Amino acid sequence: MKQTPADDLAKTALPPAPGADRYRSLDFADTTATLPAGHSYDLLAVPASAMRWLAVHDLTTPDIQLYDVCTRRMRALRVHVRALFTARVEGTAPPAESLGAVNDALIAVPTAPLLAWDGTQGPRRVQAHPTDQAVGHALATLAADAADLLTGADGGLLAVCGSAPCDRFLLRTHGRRHWCSTRCGDRARAARAYARRSGNAT
């Protein structure tokens, strides 16, 4: 499978799927996708593109620098989140290691701002993670978001794009919509039209 170069990711990547505006974990799961003609992309492939994704989703600050080990941690959690989403869609038991990985991310660092006292301003909320735990904080936030999606009312709307070979997730915000983007929807309609023409010809 041909991987899209990092410089072309912004042009190649599909737009956010339905539901990604409500759940950052859904967009996180969709940072990788399979495209037609054996192509694919991965927005977490290199630190620069992973940093852009975190920044867009308010999960990091400009002073944070990502390294390859950070992107490997992000991609590893993504594998487990996708496994949990797949199990939810298929109505099967999720892999135990994926449950464990998401729970480990949840408890690794505090996600809620702690209460602190400032001598000038008085009480205030502060994030308790130092710079070197910034990625852990982002992963904990994404894990919590995934848990909320899986256990909430929207979990029943979770679906996989119905336009092969795309393997992105979406929320079925419209009853008959089963694809993640206009591009995939157009491809699905074109495939159905071709199948009808081929059937009429035989």
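The values are calculated or read from the model by the stated rules, or taken from the named source; none is laboratory data. Keep in mind that what you see is a predicted model, and the values were worked out from it rather than measured. Counting neighbours? That spans all protein chains shown, and the Cβs are built from the backbone with ideal geometry, glycine included. For the accessible areas, the whole protein counts, side chains as well, though only heavy atoms, and no ligand, DNA or RNA atoms are used. Shrake-Rupley method; radii C 1.70, N 1.55, O 1.52, S 1.80 Å.
Rg over Rh for region 7-95 works out to 0.97, both radii taken from alpha-carbon positions and Rh defined as the Kirkwood radius. Simple rule: put +1 on each Lys or Arg Cβ and -1 on each Asp or Glu Cβ in region 43-188, find the dipole, and look at Leu99, Ala138, Cys184; the Cα lying farthest toward the positive end is Cys184. Counting only heavy atoms of the protein chains and using a 1.4 Å probe, Glu90 has close to 120 Å² of accessible surface. Using DSSP to define loop residues, name the chymotrypsin sites (Phe, Trp or Tyr not before Pro) in region 7-75 whose beta-carbon has at most 11 other beta-carbon atoms within 10 Å. Those that pass, being in a loop and sparsely packed, are Tyr67.
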